[in-house]
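Notes for the one structure printed next.
The values are calculated or read from the model by the stated rules, or taken from the named source; none is laboratory data. What you are looking at is a predicted structure, and each value in this text was computed from that prediction instead of being measured. Glycine gets a Cβ as well: all are built from the backbone with ideal geometry, and neighbour counts include every protein chain shown.
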Amino acid sequence: MRRPSAPPRRPPPRWQERRKGGVDEPFCVVGLGNPGAEYAGTRHNAGALVADVLAARLGGRFSGHRSRADVLSGRLGSGRLGSGVRVVLAKPRSYMNESGGPVRAVCDFYKITPDRLVVVHDELDIGFGVLRLKLGGGDNGHNGLRSVTRSLGTGDYHRVRFGIGRPPGRQDPADYVLRDFSTAERRELPLLLDRAADAVETLLAEGLAAAQNAFHAS
């Protein structure tokens, strides 16, 4: 009787391959938003809110950095993935349309290339709480992405897009993104932000295709 052939072995996560080569390169995860308490709960700050969830998972607090960003470094996923993925979390202290300068400065300081950069941001063209991940592409009218791409000189970085949906009726999108999430949305928001943080961790540990398969299904 023939023994069934073993299933093909999955390639190790990219961060493990780097470890084997003696290199432990960090990723940078940027949560876009506007600084200040008045913007903290707005739709435009969805990316920064996801970064806050990731910071809680690291068990640390953001601190000021000379790059004009709040920064926290550590290892994500240390409970499930050995010693985890080395990551630098960053939230620019500039306003959204000037995000590129701080992002470029953080990447330069930590020697992070665009292929190891993940930008988490709000997305008007996706329903509330829906996640979409991709590598590269345009800015789709998002001023934060436009600034980051301009400062880096390339759009070839990863994006985790957190859907906020289009405004109702004739409301100006520019006004809509600067308003707080609705009462109904706020009830769902903690679970959705947690799921977005899971998507970031999967992207870092398993790669883009695995993260898309896991989080584009719903």
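Here ALA55 passes the criteria (1) touching a strand residue (DSSP E or B) at 6+ places or on another chain (Cβ under 8 Å); (2) touching a residue at least 60 places away in the same chain (Cβ under 8 Å); (3) assigned to a helix (DSSP H, G or I) except the one numbered (2).
Annotation note: of GLY153, GLY141, GLY137, GLY169, the sole residue that is at pLDDT 95 or above and not basic (Lys, Arg) is GLY153. Within the range 111-118, is even one residue more than 17 Å from the chain's Cα centre (by Cα) and either acidic (Asp, Glu) or modelled with pLDDT of 95 or more (or both)? Yes: one or more hits.
Could we say that VAL30 is of a type outside the set (Phe, Trp, Tyr), farther than 26 Å from GLY141 by Cβ and touching a His at 6+ places or on another chain (Cβ under 9 Å) here? Spell out the reasoning first.
Values: of a type outside the set (Phe, Trp, Tyr): yes; farther than 26 Å from GLY141 by Cβ: no; touching a His at 6+ places or on another chain (Cβ under 9 Å): yes.
So VAL30 does not fit the description; no.
Within the range 27-46, if we keep just the residues that are hydrophobic (A, V, I, L, M, F, W, C) and closer than 14 Å to PHE62 by Cβ, the residue that is surrounded by the most Cβ atoms within 10 Å (Cβ to Cβ) turns out to be VAL29.
Within the range 6-42, if we keep just the residues that are among the charged types (D, E, K, R) and modelled with pLDDT under 60, the residue that is farthest from GLY77 (Cα to Cα) turns out to be ARG9.
Within the range 33-51, can you find the residues that are among the charged types (D, E, K, R) and touching a residue at least 24 places away in the same chain (Cβ under 8 Å)? Give the derivation first.
Taking the range 33-51 first, the residues among the charged types (D, E, K, R) are 38, 43.
Matches in the range 33-51: ARG43 only.
With respect to being without any contact (Cβ under 8 Å) to a residue 12 or more places away in the chain, over 24 Å from ASN143 (Cβ atoms) and either part of a loop (DSSP other than H, G, I, E, B) or in contact with a strand residue (DSSP E or B) (Cβ under 9 Å, 6 or more places away or on another chain) (or both), ARG75 falls outside the description.
Let's see how each residue does on (1) crowded, with 18+ Cβ neighbours inside 10 Å; (2) in contact (Cβ under 8 Å) with a residue 24 or more places away in the chain; (3) of a type in the set (Phe, Trp, Tyr); (4) within 30 Å of ALA205 (Cβ to Cβ):
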{"site": "GLY141", "(1), (2), (3), (4)": "no, no, no, no"}
{"site": "LEU145", "(1), (2), (3), (4)": "yes, yes, no, yes"}
{"site": "VAL148", "(1), (2), (3), (4)": "yes, yes, no, yes"}
{"site": "TYR157", "(1), (2), (3), (4)": "yes, yes, yes, yes"}
{"site": "GLY163", "(1), (2), (3), (4)": "yes, yes, no, yes"}
{"site": "PRO168", "(1), (2), (3), (4)": "no, no, no, no"}
{"site": "ALA174", "(1), (2), (3), (4)": "no, no, no, no"}
{"site": "ARG179", "(1), (2), (3), (4)": "no, yes, no, no"}
{"site": "THR183", "(1), (2), (3), (4)": "no, no, no, no"}
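For the range 150-194, what are the residues that are part of a helix (DSSP H, G or I), under 18 Å from the mean Cα position of the chain (by Cα) and closer than 15 Å to ASP122 by Cβ? Across the range 150-194, the qualifying residues are LEU189, LEU192, LEU193. Scanning the range 193-218 for residues that are in contact (Cβ under 8 Å) with a residue 40 or more places away in the chain and of a type in the set (Val, Ile, Thr) gives a single hit, VAL200.
Looking across the range 108-129, the residues that are in contact with a helix residue (DSSP H, G or I) (Cβ under 9 Å, 6 or more places away or on another chain) and outside any strand (DSSP E or B) come down to ILE112, THR113, PRO114, ARG116, LEU124, PHE128, GLY129.
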